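Inspection log for the structure reproduced underneath, given as C-alpha cells.
The values are calculated or read from the model by the stated rules, or taken from the named source; none is laboratory data. Note that the structure is a prediction, hence the values are computed from the model and not measured. Cβ placement follows ideal geometry from the backbone for every residue including glycine, while neighbour counts extend to all protein chains displayed. The area values use the complete protein model at the heavy-atom level, side chains included, leaving out ligands, DNA and RNA. Shrake-Rupley method; radii C 1.70, N 1.55, O 1.52, S 1.80 Å.
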Amino acid sequence: MTPKVHEALVEVVSNDAANADYRLLHLAAPDHILDCKPGQFFQILCPETGAERPFLRRPMSIYGWDRAQGRLSFLYKVSGAGTRALAGLRPGDRIDVLGPLGRGFTLAPDWRRLLVLARGVGLATLAPLAAEAQRRGLALTAICSARTPELALSLDRFRAHGAEVRLVTDSDGTSDPARVRALIEDEIAGPGVDAVFTCGSRRLTSLLQEIAARHGLPGQIAMEQQMACGLGMCQCCVRPFRRDGRIVHDRVCREGPVFPLAEAIPEAAA
Amino acid sequence: MTDLTTRIGSLTLANPIMPASGTFSAELGEVFDLSCLGALVTKTVTEARRGGNPTPRVCEIEGGMLNSIGIPSKGIDAFLRDQVPLWRDVGAPLVVSISADTAEDFARAAEKMTVPGVAAIEANISCPNIEADGHAFAMLPDTTFEAIARIRAATHLPLWAKLSPNTGVLREVARAAEAAGADALVTTNTALGLAIDVRTRRPKLGNVTGGISGPALKPLALRMTWQAASSVAIPVIGCGGIATRDDVLEFLIAGASAVQVGTATFRSPALMPRLIREIEEWCDAQGVARLADLVGSLAPADPAPHDLVPEPQS
Ligand SMILES: Cc1cc2nc3c(=O)[nH]c(=O)nc-3n(C[C@H](O)[C@H](O)[C@H](O)COP(=O)(O)OP(=O)(O)OC[C@H]3O[C@@H](n4cnc5c(N)ncnc54)[C@H](O)[C@@H]3O)c2cc1C
Ligand SMILES: Cc1cc2nc3c(=O)[nH]c(=O)nc-3n(C[C@H](O)[C@H](O)[C@H](O)COP(=O)(O)O)c2cc1C
Ligand code: FES
C-alpha cells in the first residue's frame, strides 16, 4: 500500500464569517493533499486556545479545492469546542489537516440531470458536486433549505457552477415537506432527474428516499457520525444501514461518508 | 548508531515502537509504510462473531478520550482467512490480540490463532468476562493465573498478558501472569471512566462508562509499568498516553522493554515512525549504545536538600 493520506501543516489564508452562523476557512495547501473528490473530508486538528482544548480531530467536508492555486477550503458552523477554536484562526496561522479521507460521490457516465436536496451544513458537503457536474457538462438543480434566506449558504457557489438554485425557507413556509415534495416531483416530471443527492437532515432524507424509490431513481447521501481516527481503525463511527434485507454496520469514515440513499436508515441519519 | 533492537522473550523486535490494540489497522498503511514498526498489534478478536456497543462510542475529556467501542469482531475464522494473509508482506512481527468470556474459550481462541504468520498472542484479559461476574480476569491474581495458564497450555507461541489499571493488586496480578507462563506483560489497558453532558444530564457515551486513554492515562500507566517491571523477571511492554519521544523514554527508564502507542495515532497518524526516528537521534546524541541499556535505568529519587537536614530534637 503506498501512502496516499497525508498529515500536513498548512497556512490560513482567510477565515471570515459567511453569515451569522457559519465561517469560511481558506487554506494554502500543498498539491499532494489536493487530489480530492466531492464528498470527501479532512480531519482537522483544531488549535488549542486559552479557552478550548479540543483533543480529537474534527471531520470537515471539503467545501472547495483548487490545485492550480493550491487552495483548500472548509465551511463550518461554530457550535462547540473545536469550531470555536477554529473561529479564532487568523491569516498566517498554521493548522494541521489530515486527508483527503473517505469515499465521495460517484457519478455514473450515463447521468445527465442531477438533483441536490440540502440543508444546513450539508450544503458545504454538496457544493463541490456542482463544480464536478459543471466540469462534466451535467445539469444540476439544487434545492437549498434554510431557516431564513440570510442563512442559506453556498447559493452563489451553486450558481457560479451553473446550477439551478431553488431556495426554500422556514421563515416563508416553503421548506415544509409537502412543498419540497411538490418541487421535486415537478423537477422529475419536467426536465427529468437521473440521480438525487442529499445529506444530513432526517426529514429530507426520508422524503427523498421515498420519492427516489417510487421513481426508481438512484441516490446518494452524505452521513455524519462522531469520529476519532477518521481512517477506519477505531470503529467508533459506525452507523446501521439496510442492505440485502438485513442491517449492517458500516464505518462512516471509511465505507462513507457517502452511502447509497436507499440503504440509509433515516432514524439514524444525523 | 544505536542498536534499537529489543527482546521480548524469544522475539527480537527491530525497535521498541508498536501500535496498541484497537487503535491500529491496515488502513494506517495509507499514511506510512508499516514495515518500519517494531511489531503489528491487531484489534482484539473473539472466537465468535459479535457486535460492538451503542454509539456514541467515544468522547473527549481533558487530555484524552473515553471509548466504549467494545469488541465488534468478525470472529477468528474470518480473521485467519482475511487478516493474517494481509500482513504477511509487511515484515514486522504480527501480534494478535484475543479475548474471551471464559478461560476455556480463551484457550480455544489461542489454539486457533496458532498458525504460521502469527508471531505472538496478546491476551486481552482486561475486559469484562462472565466467569468473574463481569470483572476482568486481570482484576485478580487467581483469575489471571487461570486464564493465562489455560492459554499457555494451548499454544507454543509467545504469550503477552495485557493487564488492567482497574486492579488494586497490580504486583500480585503481574506475578500470577508470570507464574502461569506469560512471556511478557503489557501495562496497560484503559482505566474505566465516565463523562456526563451537564445540559442533558446524560452520559456522553451510549454505553455509559468507557475506558480512559491518552495523556490523562499516562501517569497511571507509567506507575504500573514500573511496579510490574520491578515485580517480575519477564519483559514489560508499556502502554498508556504515549505521544512524545520523552514519553517513550520515561516508559523505557521505568522498566519497559518496548512501548505501544494508541490514542496518539488518532491525533497524529504519522507519529510512530517519527518516534522511532527521534528515539534513535536521542540515543545517538546521548551516546547510548544499546536501547537495552536504557531499560529499567531509573535512578533513585533525589531528595530536596532541606529533607536531608535532621529534624530538630524536641
Ligand atoms: C464527514 C463529516 C463531515 C462534516 N463536515 C462538516 C462541515 O463541513 N462543516 C461543519 O461545520 N461541520 C461538519 N461536520 C461536523 C464537524 O465534524 C463537527 O463535529 C461539528 O462542527 C461540531 O464540532 P465542535 O468541536 O464545534 O463541537 P463539540 O461539541 O466540541 O464536539 C464534540 C465532539 O462531537 C463531535 N461532533 C459534534 N457534532 C458532530 C456532527 N454533526 N457530526 C460528527 N461529529 C460531531 C465532534 O467532532 C467532537 O468529537 C462534519 C462531520 C462529519 C462526520
Ligand atoms: C478506540 C480504542 C479501542 C481500543 N480497543 C482495544 C482492544 O480491542 N483491545 C485492547 O486490548 N485494547 C484496546 N484499547 C486500549 C489500547 O490498546 C490501549 O491499551 C489504551 O488506549 C492506552 O493507550 P493509549 O493511551 O496510548 O491509547 C483501545 C483503545 C481505544 C482508544
Ligand atoms: S473514525 Fe475511526 S473508524 Fe471511523
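Please state the charge dipole magnitude for the protein assembly as shown, taken about the Cα centre, from unit charges on C-beta atoms (+1 on K and R, -1 on D and E), reported in debye and rounded to the nearest 20.
1480 debye
Beyond 17 Å, what share of the Cα-Cα pairs of region A:6-101 remains, rounded to the nearest whole percent?
44 percent
Using bins 10 angstrom wide from zero, how does P(r) for chain A break down, in % of all Cα pairs?
Over chain A, the share of Cα pairs per 10 Å bin runs 7, 30, 37, 22, 5, 0 percent.
Expressed in nm², what is the orientationally averaged projection area of the convex hull enclosing the Cα positions of region B:115-249?
Mean projected area of the Cα convex hull: 10.1 nm².
List, in order, the whole-Hz ³J(HN,Hα) value for each residue of region A:179-195 obtained from phi through the Karplus relation with A = 6.51, B = -1.76, C = 1.60 and θ = phi - 60°; use x for Gly and Pro.
Karplus values, whole Hz, x for Gly and Pro: 6, 5, 4, 4, 4, 5, 4, 4, 5, 5, 6, x, x, x, 9, 9, 7.
In whole angstrom, how far apart do the alpha carbon centroids of region B:1-50 and region A:56-70 sit?
Using only Cα atoms to place each centre, the spacing works out to 31 Å.
Jot down the radius of gyration and Dmax of region A:113-263, Cα atoms only, both in angstrom.
Over region A:113-263's Cα set, Rg and Dmax evaluate to 15.6, 46 Å.
Rank B:Val198, B:Phe24, B:Leu252 by how far each Cα sits towards the positive end of the charge dipole of the protein assembly as shown (+1 on Lys, Arg Cβ; -1 on Asp, Glu Cβ) and give me just the farthest.
Of the listed residues, the answer is B:Val198.
Taking both sides together, what accessible area is buried at the A/B interface, probe 1.4 Å, expressed in Å² and rounded to the nearest 100?
Interface between A and B: roughly 2600 Å².
Quick one: in the protein assembly as shown, what % of C-alpha pairs are over 48 Å apart?
Distances greater than 48 Å cover 19 percent of the Cα pairs.
Ordered by residue, what ³J(HN,Hα) values in Hz, to whole numbers, does region B:25-32 give under the Karplus form 6.51 cos²θ - 1.76 cosθ + 1.60, where θ = phi - 60° and Gly and Pro are x?
7, 4, 4, 5, x, 7, 9, 8
Run the helix sum for chain B: -39,500 (n - 2.57) per DSSP H stretch of 4+ residues, divided by residue count, reported at 222 nm to the nearest 500 deg cm²/dmol.
Taking each H run of at least 4 residues, the total per residue is -8000 deg cm²/dmol.
Write down the Kirkwood hydrodynamic radius of region B:213-264, to one decimal in angstroms, obtained as one divided by the mean of 1/r over all alpha carbon pairs.
10.5 Å
Please list 3J(HN,Hα) in residue order for region B:208-220, calculated via the Karplus relation 6.51 cos²θ - 1.76 cosθ + 1.60 where θ = phi - 60°; whole Hz, with x for glycine and proline.
With coefficients 6.51, -1.76 and 1.60, one gets 6, 9, x, x, 7, 9, x, x, 4, 8, 4, x, 5 Hz.
Compute and list, largest first, the equivalent-ellipsoid semi-axes of chain B from the alpha carbon gyration tensor, each √(5λ) rounded to a whole angstrom.
29, 25, 21
What average count of beta carbons from other chains do you get within 10 Å of the Cβ of residues in A:54-66?
Taking the mean over all residues of the peptide, I get 2.
By how many nm would the segment from B:Leu192 to B:Met1 lengthen if fully extended, with 0.36 nm per residue of separation less the alpha-carbon distance?
Using 0.36 nm per residue and subtracting the Cα-Cα distance, I get 64.6 nm.
What whole number of Å gives the distance from the Cα centroid of region B:198-217 to the Cα centroid of region A:188-217?
38 Å
For region A:12-68, what is the accessible area per residue in Å², given a 1.4 Å probe and the full set of protein chains?
In whole numbers, region A:12-68 has 41 Å² accessible per residue.
Where q = 0.14, 0.16, 0.20, 0.21 Å⁻¹, what log10 of I(q)/I(0) comes from the Debye formula for region B:157-314, counting one point per Cα?
Ignoring solvent entirely, the Cα scatterers give -0.80, -0.95, -1.23, -1.30.
Given q = 0.24, 0.26 Å⁻¹, what are the Debye log10 I(q)/I(0) values for region B:1-56, with equal point scatterers placed on the Cα positions and solvent ignored?
The Cα Debye sum returns log10 ratios of -1.04, -1.10.
Listed highest first by mean packing, meaning other Cβ atoms within 10 Å per residue, what order do B:182-189, B:64-71 come in?
B:182-189, B:64-71
What aspartates and glutamates could a cross-link reach from B:Lys204, if we take a straight Cα to Cα line under 12 Å and drop same-chain neighbours fewer than 8 places away?
B:Glu60
Any number yet on Rg/Rh for region B:1-156, C-alpha, Kirkwood?
Dividing the radius of gyration by the Kirkwood radius yields 0.97.
With the crude spin-label approximation of a point 7 Å out along Cα→Cβ, what separation in nm comes out for A:Ala189 versus A:Asn19?
Label-label distance for A:Ala189 and A:Asn19, simple model: 2.9 nm.
Dividing the convex hull volume of the alpha carbon atoms of region B:239-299 by its residue count, what do you get in Å³ per residue?
In region B:239-299, the Cα convex hull volume per residue is 72 Å³.
Which of the lysines could a cross-linker bridge to B:Lys43, judged by Cα under 19 Å and excluding same-chain residues fewer than eight apart?
Within the straight-line limit of under 19 Å, B:Lys43 reaches these lysines: B:Lys74, B:Lys112, B:Lys162.
Under a crude label model (7 Å from the Cα following the beta-carbon direction), how far is A:Asp176 from A:Glu11 in nanometres?
Going from the A:Asp176 label point to the A:Glu11 one covers 5.3 nm.
Please give the average number of partner chain Cβ atoms lying within 10 Å of the Cβ of each residue in B:267-279, rounded to a whole number.
Averaged over the peptide's residues, the number is 2.
Please sort by residue number the GluC sites (Glu not before Pro) in region B:1-73 whose DSSP state is loop and whose Cβ has at most 16 other Cβ atoms within 10 Å.
B:Glu62
On the accessible surface of region A:6-101, probed at 1.4 Å, how many percent belong to carbon and sulfur atoms?
46 percent
Counting each DSSP H run of 4 or more residues in chain A as -39500 (n - 2.57), what helix-only mean residue ellipticity at 222 nm follows after dividing by all residues, to the nearest 500 deg cm²/dmol?
Taking each H run of at least 4 residues, the total per residue is -6000 deg cm²/dmol.
Hey, can you list the residues from region A:4-23 whose accessible area shrinks by 10 Å² or more with all protein chains present, relative to the chain by itself (probe 1.4 Å, no ligands or nucleic acids)?
In region A:4-23, residues shielded by partner chains: A:Lys4, A:Val5, A:Glu7.
How much accessible area per residue does chain B have, in Å², with a 1.4 Å probe?
I get 42 Å² per residue for this part.
Using DSSP, restrict attention to beta bridges with both residues in chain A and report what percent are antiparallel, rounded to the nearest 5.
65 percent
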